[in-house]
Amino acid sequence: MSYIEQSLAPGEKIIATFRLHWLAWLRMWVVLLLGAIIVAALLSLDLSSAEGSGGGYGWAALIVALVTLAIALYAWLVLRSIEQGVTNHRVIRKTGVVSRHSTELRLASIETVDLKQSFWGRVLGYADIEITGRGETAMLLERLGDPIGVKRAIETAYSQYADSMRTGASA
């Protein structure tokens, strides 16, 4: 069960969850690729060295493989631990592998939902969404795939919430 599901209040429903863009995972894949290339090079040096001398390249390849896997596993855990979404009451962003850090912004306190998209973000289809609330409250949803859909989901949730407050207040 996700953090967002665990933190739902009675009557609160998840409207949308937001996925990271595939580019956020690129660093992990580059580390794995470079590690594999280095391991392959070290193993080929170990095999080509004179029989009996070994040269220690096999042990170096093992160490590089273990370090590469540790770095990639950590990157994977960090990215998998990011949860972002909107409910019918709030916008939630949770990060953290062992420790947890969550930022929540109630829909009633949202003032603006800004899209921050660079040239490459526009070309590759990712962006950051900055949500500002009353006072100095701000939340940044980073490296999102489908940023227009995310902005639309937050604004739709906000307008539905505002409509429900108006009809509830007039009843």
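The values are calculated or read from the model by the stated rules, or taken from the named source; none is laboratory data. These numbers come from a predicted model, not from an experiment. Quick reminder, even Gly has a Cβ in these numbers, built from the backbone with ideal geometry, and neighbours come from all protein chains shown.
Here is how the numbers come out for the structure above:
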| read-out | value |
| --- | --- |
| Qualifying residue in the range 156-166 (condition: surrounded by 13 or more Cβ atoms within 10 Å (Cβ to Cβ), under 24 Å from Trp25 (Cβ atoms) and of a type outside the set (A, V, I, L, M, F, W, C)) | no |
| Any hit, the range 136-143, residues being over 19 Å from Tyr3 (Cα atoms), in contact with a Gly (Cβ under 9 Å, 6 or more places away or on another chain) and not charged (D, E, K, R) | no |
| Considering residues of the range 135-155 that are small (Gly, Ala, Ser) and in a strand (DSSP E or B) only, the residue surrounded by the most Cβ atoms within 10 Å (Cβ to Cβ) | Gly145 |
| Residues located in the range 115-128, provided they are free of Cβ contacts under 8 Å to residues at least 40 places away in the same chain and surrounded by 14 or more Cβ atoms within 10 Å (Cβ to Cβ) | Leu115, Gln117, Gly121, Ala127, Asp128 |
| Check on Ser102, hydroxyl-bearing (Ser, Thr, Tyr) and loosely packed, with under 13 Cβ neighbours inside 10 Å | no |
| Helices (runs of 4 or more DSSP H) completely within the range 1-112 that count 3 or more residues being outside the structural domain of Asp146 (by TED's automatic domain parsing) and more than 30 Å from Gly133 (Cβ to Cβ) | 26-48, 57-80 |
| Among the residues listed as Val91, Val78, Val97, Val67, the single one being of a type in the set (Val, Ile, Thr), buried (at least 16 other Cβ atoms within 10 Å of the Cβ) and either under 24 Å from Val31 (Cα atoms) or more than 14 Å from the chain's Cα centre (by Cα) (or both) | Val91 |
| Residue that is touching a helix residue (DSSP H, G or I) at 6+ places or on another chain (Cβ under 7 Å) and free of Cβ contacts under 8 Å to residues at least 24 places away in the same chain, where the choices are Ala75, Ala61 | Ala61 |
